[in-house]
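The block underneath contains the structure these notes are about, expressed in structure tokens.
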Amino acid sequence: MKVRFFAVFMALAAVPAAAQTPAPQTPATPAGAAQAPAAAQSAAVPATRPFTADAGIMFSVIKPDKVADFEMVMGRVKDGLAKSTDPQRKQQALSWRVFKGVEAGPGGNIVYIWLVDPPVKDADYTVTAILTEAFPNEAQDLWAKYTACFVSGQTMLNLKLTTNMSPTAGTPK
């Protein structure tokens with residue numbers, strides 16, 4: 001597992017800026033929630049975040065003083081997936097893991113990686129969608145905390161398996 005994590009980390013370090021997240025849009029205000037201040041509304045989120053391949057990763061660089069907030073929001077995402085009655089959301093939770101780098105990254109920042117293996121293909125992994133569905137009255141506050149955690153945006157990669165080194169594995173298609 002350490003080798004797999006290191007390989008994924010090194011691959012991400014080589015990702016050009018063009019592979020960064022798609023053009024953003026502002027999150028919708030959940031029904032019944034108060035309108036967020038203009039500063040919170042300026043935080044952007046992609047319309048959807050589907051993983052469409054054999055596996056997917058999301059790479060996030062988090063400010064060291066915001067680690068607790070990031071982990072709290074990810075815990076709420078986990079809670080939202082667990083309480084969902086949507087079978088697709090339940091399926092997402094089965095293969096979505098969040099890893100934290102043991103060593104600090106550049107500038108003392110903390111590196112997190114979501115490993116989604118296998119993904120629910122074409123399902124929306126957008127944090128705001130999950131939070132809004134599960135916690136409509138908290139979603140704006142959680143989103144504001146979440147976006148304040150990032151040093152920069154996230155990098156999302158869909159991964160196609162080309163070689164499985166396991167002696168019992170078949171040939172990837």
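The values are calculated or read from the model by the stated rules, or taken from the named source; none is laboratory data. Not measured: the values here are computed from a predicted model. Every residue, glycine as well, gets a Cβ built from its backbone with ideal geometry; the counts of neighbours run over all protein chains shown.
What single numbered condition from (1) more than 30 Å from Thr163 (Cα to Cα); (2) at pLDDT 95 or above; (3) not charged (D, E, K, R) fails to hold for Ala38? That leaves (2) as the condition not met. Taken over region 77-103, residues that are under 16 Å from Ala129 (Cα atoms) and either under 13 Å from the mean Cα position of the chain (by Cα) or not basic (Lys, Arg) (or both) amount to 15. Filtering region 96-119 for residues that are exposed (fewer than 15 other Cβ atoms within 10 Å of the Cβ) and in contact (Cβ under 8 Å) with a residue 60 or more places away in the chain leaves a non-empty set.
Note on region 143-173: among residues that are aliphatic (A, V, I, L, M), in a loop (DSSP other than H, G, I, E, B) and farther than 25 Å from Asp69 by Cβ, the one that is modelled with the lowest pLDDT is Ala169.
Looking at region 117-146 only, could you name the residues that are among the hydroxyl-bearing types (Ser, Thr, Tyr) and in contact with a helix residue (DSSP H, G or I) (Cβ under 8 Å, 6 or more places away or on another chain)? I'd like the intermediate steps shown before the answer.
Here is the first cut: in region 117-146, the ones among the hydroxyl-bearing types (Ser, Thr, Tyr) are 125-126, 128, 132, 146.
Matches in region 117-146: Tyr125, Thr128, Thr132, Tyr146.
Among the strands (runs of 3 or more DSSP E) confined to region 41-125, the ones with at least 1 residues that are touching a Ser or Thr at 6+ places or on another chain (Cβ under 7 Å) and modelled with pLDDT of 95 or more are located at 55-62, 110-116. Residues in region 150-173 that are more than 19 Å from Arg49 (Cα to Cα) and within 13 Å of the chain's Cα centre (by Cα): 0 in all.
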